[in-house]
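Undergrad: I have a structure I would like to understand better, so I am pasting it below and will then ask my questions one at a time.
A short reminder: the numbers here are calculations on the coordinates, not readings from a lab. Predicted, not measured: the structure shown is a model, and the values here were computed from it. Here the Cβ positions follow ideal geometry from the backbone for every residue, glycine too, while neighbour counts run over all protein chains shown.
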């Protein structure tokens with residue numbers, strides 16, 4: 001990896017406006033692990049101000065000065081920023097002052113399909129991605145999707161988002177007769193919850209709770225991403241999206257076929273096995289490492305959990321803890337960055 005050690009390596013980050021979102025935590029953790037494990041330096045792309053003149057000034061003066069002075073041999077940008085102008089300008093400026101350098105994007109979300117299919121936005125994304133030297137994407141399914149849409153640059157797969165945490169790994173009860181499930185995140189967009197009336201208790205954590213839920217659910221409140229790991233004592237963590245309990249429907253549900261939900265890393269970093277949709281991209285990892293169960297339909301949960309023996313659950317929990325240890329050390333982003341650098345050298 002001699003080439004990897006040469007020159008300055010910067011990670012460029014634009015932190016999300018929504019400080020309670022998992023995306024903000026994910027970006028901060030990637031900065032932390034790349035600084036710690038690979039000696040990256042950080043540059044904050046602070047263009048929160050929506051004023052066009054300010055944005056123009058920031059990119060053409062502030063960012064230009066940064067690139068001109070530092071001349072990074074590798075610039076890794078945490079995509080996306082909400083402005084295509086900003087992202088394209090960043091590539092243009094970097095190419096001008098660092099013609100022999102490499103610029104890569106770590107893709108957190110694909111805006112053209114995340115909430116709804118927006119072909120014009122997706123087309124702009126593909127064009128922008130092809131201006132880079134390479135991409136780090138969530139997994140093989142996202143990799144294949146982007147290739148099918150015209151991405152031509154090298155890509156490496158993240159696998160899982162890493163999750164920095166100082167809290168002890170969760171110690172859920174070994175009991176298989178008193179099982180509960182946690183679900184975290186933006187509860188307002190998790191419309192399926194209103195119809196999930198099963199026997200297994202479900203504890204909800206997050207923002208925008210509904211005024212009422214089925215009897216098996218209890219709202220436990222909102223905790224910051226740095227503190228919620230202390231609160232999770234349930235035996236399983238649920239990964240599901242959309243408005244349907246029988247399948248992950250709608251744009252949000254279908255997006256699970258391609259992305260790695262950050263809540264999955266929260267659960268695993270706490271040593272909690274996952275319950276996930278069978279068609280989700282992360283289902284492959286859950287099955288490969290035996291770190292949880294996959295279901296086609298949420299109404300299957302009660303029966304599936306009843307059939308799991310004490311020894312089976314204990315093995316799943318131990319496997320989740322092993323993945324959690326890797327996630328807490330930044331293994332996945334470190335490995336994927338190294339892999340991409342090999343491809344673009």
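Undergrad: Relative contact order for the stretch 181-328 using alpha-carbon pairs under 8 Å, separation at least 6, rounded to a whole percent?
TA: 21
Undergrad: Fully extended, how many nm does the chain gain between residue 287 and residue 111 (0.36 nm per residue separation, minus their Cα-Cα distance)?
TA: On the way: separation 176, 0.36 × 176 = 63.36 nm, distance 2.82 nm.
Length difference between fully extended and current span is 60.5 nm.
Undergrad: Separate question: At a Förster distance of 51 Å, what's the computed FRET efficiency of residue 299 paired with residue 84, Cβ-Cβ distance as r, to 0.05?
TA: 0.75
Undergrad: May I ask for the distance between the Cα centers of the stretch 97-135 and the stretch 278-345, given as a whole number of Å?
TA: 27
Undergrad: Contour minus end-to-end for residue 249 and residue 279, with contour as 0.36 nm per residue of separation and end-to-end as the Cα-Cα distance?
TA: Result for the pair: 9.7 nm of gain on full extension.
Undergrad: To the nearest 0.05, what FRET efficiency results for residue 70 and residue 118 with a Förster distance of 30 Å applied to their C-beta separation?
TA: 0.30
Undergrad: Taking only Cα atoms, what is the 0 to 90° angle, nearest 10, from helix 84-97's long axis to the longest principal axis of the chain?
TA: The two axes meet at around 50 degrees.
Undergrad: Determine, from the Cβ-Cβ distance of residue 223 and residue 197 and an R0 of 25 Å, the FRET efficiency 1/(1 + (r/R0)^6), rounded to the nearest 0.05.
TA: 0.45
Undergrad: Nearest 10 degrees is fine. How inclined is helix 331-344 to the longest principal axis of the chain, computing both from alpha carbons?
TA: Its long axis makes an angle of about 40 degrees.
Undergrad: Using a 7 Å offset from Cα along Cα-Cβ at residue 189, what residues in the stretch 105-133 end up with backbone N under 15 Å from the label point?
TA: It comes to 108-118, nothing else.
Undergrad: Now for a different question. Just from its helices, what would the mean residue ellipticity at 222 nm be for the chain, if runs of 4 or more DSSP H residues each count -39500 (n - 2.57) and the sum is divided by every residue, rounded to the nearest 500 deg cm²/dmol?
TA: Value at 222 nm, helices only, nearest 500: -11000 deg cm²/dmol.
Undergrad: Between residue 345 and residue 309, what is the label-to-label distance in nm when each label sits 7 Å out along the Cα-to-Cβ direction?
TA: So the two model labels end up 4.8 nm from each other.
Undergrad: Nearest 10 degrees, 0 to 90: what angle lies between the long axis of helix 310-328 and the longest principal axis of the chain (Cα atoms)?
TA: For 310-328 against the chain, the angle is about 20 degrees.
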